[in-house]
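Working notes, structure below.
The values are calculated or read from the model by the stated rules, or taken from the named source; none is laboratory data. Values in this document were obtained by computation on a predicted structure and should not be read as measured data. As a convention, Cβ positions derive from the backbone with ideal geometry for all residues, glycine included, and neighbour counts pool all protein chains shown.
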Amino acid sequence: MAVRYADFKDVDITSFDVLVVGSGFAGSVIAREMAERGEKRVLIIEKRSHIGGNMYDSYDDAGILIHNYGPHIFHTNDKRAFDYVCRFTEWRDYQHEVLSNWYGTYMPVPFNKNSMRIVFGPEKAQKYIEKLIDTFGDERKVTINELRSQDDADLAEIADFVYKNVFLYYTQKQWGLTPEEVDPSVTARVPVFISEDNRYFQDAYQGMPAHGYTPLFENMLDHENITVCLDTEAESVFELVFESRAEDAPLQSIRVKDVDFTNPIIYTGPLDELFLSRFGRLPYRSLDFDFETLEQEVYQPCGTVNYTVTEDFTRITEFKYLTGQQSPRTTIMREYSKVYEDPMTQTPYYAIINDENNAHYQRYKSLTDHLPNFYALGRLAEYRYYNMDVIIGRALALADELLK
Ligand code: FAD
Ligand code: UDP
């Protein structure tokens, strides 16, 4: 079979038990669960002209499989999430490695024992490694903030080097902020690792869908109870009914095609955009992707190279490493981080987590609190920095709750 697509204008909204906005992992997992486990009839509306959210991949003109919205590597310790996605695709074993291009020299990121040997030379590196092991233990991960807070002179020198050569410029490019100005959880994603393990992630389950993400989503949404309407934006088809005309008045109901939709609505888009940004736009970072196909088999030594001290892009990904595809040509992608200003031409990729923005988000969230059938789910709708596996776990948990 295949995904059942329909034109929104032909849809009889009264024939659906669940309405899902968005077809990334949040929307697709909840849709599948409600359709299959709950035997509910599910309608997905998706504003893009394809399913799969940010995981969408496709073949470019050179026949290379690329990730259109940025490189996505699956990794998790959540067995339930991994078992779940295994239902819809085979997996290829892939352990992601990242190198920093440090003025033309490559060193592993996360910064580890091997990086230290490259940067400090074997003798000094050995002294520093022993100091790190004495202080934190072997095979331990230490955040840059934790390392910088140490009094010891050797540890301070390591911290200073890593701060200036791995974090400072990359973070400024990515966020327009210094590492001190971003939420500590952001830089904590990439610790200093007292190890010789050069992998970017140490999770128990890692890999890439053997045939790409798009077929995974096609299999997930291929269910007789699921209908998908592409090119359909929630703001354009929802009529929001508020308790009063006051700016902060909560939502009372959502009408779709002149019908009060009282069954569950799972919304996975940016929450501010549903309310036409009435309290001002929630801050996000967006990205520009610059794809280039080269007439050579290989461009760089691993899947991703981070430019931590030079260049105005943050990183280059070479997709063939991720996908395992063989070809005499290769496609690479440079990522340029931007302020998110225009929903018409840009995509909100990263919520900018801080107390002020969280409070701003909560103001939008409270508009939905009185509407018992409305659920905000996903990286955009929850305004969080979630990886794919967390979203899959959260969607499964919401399905458990709704199907109790
Ligand atoms: P999305 O994938 O963003 O899906 C939301 C969907 O809703 C989209 O299809 C969108 O078009 C649609 N939509 C939004 N608003 C509306 C609306 N108003 N009406 C209708 N449809 C709407 N995670 C990892 O685990 N590993 C990685 O390697 C990794 N790499 C990443 C790289 C980049 C550059 C980025 C930005 C993220 C990366 N992530 C990675 C995180 C991953 O992208 C998210 O965890 C995942 O996309 C979350 O799924 P989601 O369904 O919540 O959101
Ligand atoms: N980071 C950095 N230098 C690096 C890698 C990461 O400064 O070489 C910081 C940067 O602030 C980045 C954050 O760590 O935004 C998280 O990195 P990660 O690779 O997890 O980001 P993502 O893949 O989600 O863009």
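What to note about this one:
- Check on Leu168, under 26 Å from Phe74 (Cβ atoms) and out of contact with any Leu (no Cβ under 8 Å at 6 or more places or on another chain): no
- Taken over segment 368-404, the criterion of being of a type in the set (Phe, Trp, Tyr), on the phi < 0 side of the Ramachandran plot and more than 9 Å from ligand 1 (Cβ to nearest atom) is satisfied by Phe374, Tyr375.
- Exactly one residue among Thr187, Thr171 is free of Cβ contacts under 8 Å to residues at least 40 places away in the same chain, within 23 Å of the chain's Cα centre (by Cα) and either surrounded by 17 or more Cβ atoms within 10 Å (Cβ to Cβ) or at negative phi (or both), and that residue is Thr171.
- Looking across Thr314, Thr368, one residue alone is of a type in the set (S, T, N, Q), touching a Phe, Trp or Tyr at 6+ places or on another chain (Cβ under 7 Å) and within 16 Å of ligand 2 (Cβ to nearest atom). It is Thr314.
- The C-beta contact set for segment 137-153 (first residue closer than 16 Å to Lys113 by Cβ, second residue among the hydroxyl-bearing types (Ser, Thr, Tyr), distance under 9 angstrom, 6+ apart or interchain) comprises Asp138/Ser195; Glu139/Ser195; Arg140/Ser195; Lys141/Ser195; Val142/Thr135; Leu147/Tyr163.
- Long-range neighbours under 6 Å by Cβ, at least six apart or interchain, first residue modelled with pLDDT of 95 or more and among the aliphatic types (A, V, I, L, M) within segment 279-304, second surrounded by 13 or more Cβ atoms within 10 Å (Cβ to Cβ) and part of a loop (DSSP other than H, G, I, E, B): Leu287/Tyr349
- One residue stands out in segment 147-160 among those that are crowded, with 17+ Cβ neighbours inside 10 Å and in a helix (DSSP H, G or I): the one that is farthest from ligand 2 (Cβ to nearest atom), namely Leu155.
- Wholly enclosed strands (runs of 3 or more DSSP E) of segment 247-318 bearing at least 2 residues under 22 Å from Gly27 (Cβ atoms) and over 28 Å from the mean Cα position of the chain (by Cα): 251-256
- Some residue of segment 386-399 being closer than 26 Å to Arg80 by Cβ, within 15 Å of ligand 2 (Cβ to nearest atom), touching a residue at least 24 places away in the same chain (Cβ under 8 Å) and in a loop (DSSP other than H, G, I, E, B): yes
- Only one of the numbered conditions (1) within 11 Å of ligand 2 (Cβ to nearest atom); (2) buried (at least 19 other Cβ atoms within 10 Å of the Cβ); (3) not in a helix (DSSP H, G or I) is not met by Leu177, and that is (2).
- Filtered by the rule that a residue be without any contact (Cβ under 8 Å) to a residue 60 or more places away in the chain and within 11 Å of Ala249 (Cα to Cα), segment 357-374 gives no residues.
- Within this structure, Ala381 fails the test of being away from ligand 2 (no atom under 16 Å from the Cβ) and in a helix (DSSP H, G or I).
- Count of segment 4-37 residues which are farther than 11 Å from Thr227 by Cβ and either acidic (Asp, Glu) or within 14 Å of ligand 1 (Cβ to nearest atom) (or both): 14
- Identification of strands (runs of 3 or more DSSP E) wholly contained in segment 1-97 with 1 or more residues that are over 17 Å from the mean Cα position of the chain (by Cα), farther than 30 Å from Val190 by Cβ and of a type in the set (Phe, Trp, Tyr) yields 57-59.
- Filter result for the condition that a residue is among the basic types (Lys, Arg) and touching a helix residue (DSSP H, G or I) at 6+ places or on another chain (Cβ under 8 Å), over Lys141, Lys131, Lys164: Lys131
Yes/no per residue for (1) touching a strand residue (DSSP E or B) at 6+ places or on another chain (Cβ under 6 Å); (2) more than 30 Å from Asp17 (Cα to Cα):
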site	(1), (2)
Glu46	no, no
Ser49	no, no
Met55	no, no
Leu65	yes, yes
Thr89	yes, no
Gln95	yes, yes
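- Tally of residues being closer than 20 Å to Leu377 by Cα, in contact with a Ser or Thr (Cβ under 9 Å, 6 or more places away or on another chain) and of a type in the set (Val, Ile, Thr) across segment 255-285: 2
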